[in-house]
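Visitor: Here it is, the structure, as structure tokens.
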Amino acid sequence: MTNFIFNDGDSVTQIREEIASLAAKFIAEEGAEYGAAKRRAVKQLLGNQKLNGNILPDNAQIEQQVREYQAIFFADSQPARLLHLRQLAAALMQELNAFNPYIIGAVLNGTAGEHSDIYLQLYTDNSKDVAIYLLNLGVDYEVSEHQGKRGEALETLSFIHKNEGVHLLVHDIDDLRHTDKNERANLSNLLTLIENQQLGTM
């Protein structure tokens, strides 16, 4: 195990980069969630050592490491995988247009890999309308809860569509004003991303 000195600025930067790099590997190789990947990386690198919160990398640093890892190890397959998921998400968003769909997560930011699922935010006056709509389509879904950015519990409907995992995070329509616009994209924005990727200008 690498030994790190925590009272030195350069060493703090080093361990932060080590954690981000290892967490990125878990995300790219296994589809781990960011939080779980970070905790696992800390455990593997540092064991049970106590560390200050400022040592941990933020998600933006880990995301950049995921991009670099994919560019090195998955350059021949990841772009096609990403395009496939984006096209599938666009078709789903067209189908779910009545519920104000937005794409979020790895499929939006471009880091989606072999183990990635599609995450959509939906905004509606009545969450039950989404469930009824899926039932009418014959979709066999599971219901769970997902914690929103403000700590609220969001009903999440999950199902398999064309062999891919899909998760619909159902928001109240009023949440459209509060959710981070920089972390979501509507169908028009997603179609632009798809077009740019197909043109090789991503």
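Visitor: Once Rh for region 56-202 is found with the Kirkwood sum over Cα pairs, what is the Stokes-Einstein diffusion coefficient at 25 °C and 0.890 mPa s, in µm²/s?
Guide: The Stokes-Einstein estimate is 153 µm²/s.
Visitor: Probe radius 1.4 Å, ligands and nucleic acids left out: which of HIS161, HIS167 has the largest accessible area, and how do the rest follow?
Guide: From most exposed to least exposed: HIS161, HIS167.
Visitor: For the chain, modelled as a Gaussian network with Cα springs under 10 Å, which listed residue fluctuates most, GLY105, GLY165, GLY47?
Guide: Taking springs between Cα atoms under 10 Å, the residue moving most is GLY47.
Visitor: With a/c under 1.5 counting as rounded, go ahead and sort region 128-202 into rounded, prolate or oblate using the C-alpha gyration tensor (a ≥ b ≥ c being the square roots of the eigenvalues; past the cut-off, prolate if a/b is larger than b/c, else oblate).
Guide: It is oblate, given that a/c is not under 1.5 and a/b is not larger than b/c.
Visitor: Using just the Cα positions, wrap region 19-130 in a convex hull and report its mean projected area in square nanometres, one decimal place.
Guide: Seen from a random direction, the Cα hull of region 19-130 projects 8.6 nm² on average.
Visitor: Now, a different point. May I ask for the net charge around MET93, where only other residues with Cβ less than 13 Å from the Cβ of MET93 are counted and Lys, Arg are +1 while Asp, Glu are -1?
Guide: +1
Visitor: Relative to the longest principal axis of the chain, what angle (0 to 90°, nearest 10) does the C-alpha long axis of helix 59-73 take?
Guide: The answer is roughly 90 degrees.
Visitor: Could you state the angle between the C-alpha long axis of helix 34-46 and the longest principal axis of the C-alpha atoms of the chain, as a value from 0 to 90 degrees rounded to the nearest 10?
Guide: The answer is roughly 20 degrees.
Visitor: Lysine pairs in the chain 8 or more apart or on different chains: how many have alpha carbons under 22 angstrom apart?
Guide: Total qualifying Lys-Lys pairs in the chain comes to 6.
Visitor: Working from Cα positions, state the angle (0 to 90°, nearest 10) between the long axis of helix 9-30 and the longest principal axis of the chain.
Guide: 40
Visitor: So, one more: How charged is the neighbourhood of GLN65? Take every other residue with its Cβ under 14 Å from the Cβ of GLN65, and add Lys/Arg as +1 and Asp/Glu as -1.
Guide: Local charge sum for GLN65: -2.
Visitor: Which is the longest part of the chain that has none of the trypsin sites (Lys or Arg not before Pro) sitting in a DSSP loop with at most 14 other Cβ atoms within 10 Å?
Guide: After excluding every exposed loop site, the longest remaining stretch is 51-148.
Visitor: Moving on. Which whole-Hz ³J(HN,Hα) couplings does region 97-109 yield from phi under the Karplus relation 6.51 cos²θ - 1.76 cosθ + 1.60, θ = phi - 60°, glycine and proline marked x?
Guide: Computed from phi, the couplings for region 97-109 are 4, 5, 10, 6, x, 9, 8, 9, x, 5, 5, 6, 7 Hz.
Visitor: Quick one: which residues, 5 or more positions from HIS171 or on another chain, have an amide H under 5 Å from its amide H? H modelled 1.01 Å from N in the peptide plane, none for Pro or chain starts.
Guide: Under 5 Å from the amide H of HIS171: LEU122, TYR123, THR124.
Visitor: Treating the beta-carbon of each Lys and Arg as +1 and of each Asp and Glu as -1, no other charges, what is the dipole magnitude of the chain about its Cα centre, to the nearest 20 debye?
Guide: Value, rounded to 20: 340 debye.
The values are calculated or read from the model by the stated rules, or taken from the named source; none is laboratory data. Small disclaimer: the values here were computed from a predicted structure and weren't measured. Cβ: placed from backbone, ideal geometry, glycine included. Neighbour counts: every protein chain shown. The protein model used for the area step is the full one, side chains on, heavy atoms only, and it has no ligands, DNA or RNA in it. Shrake-Rupley method; radii C 1.70, N 1.55, O 1.52, S 1.80 Å.
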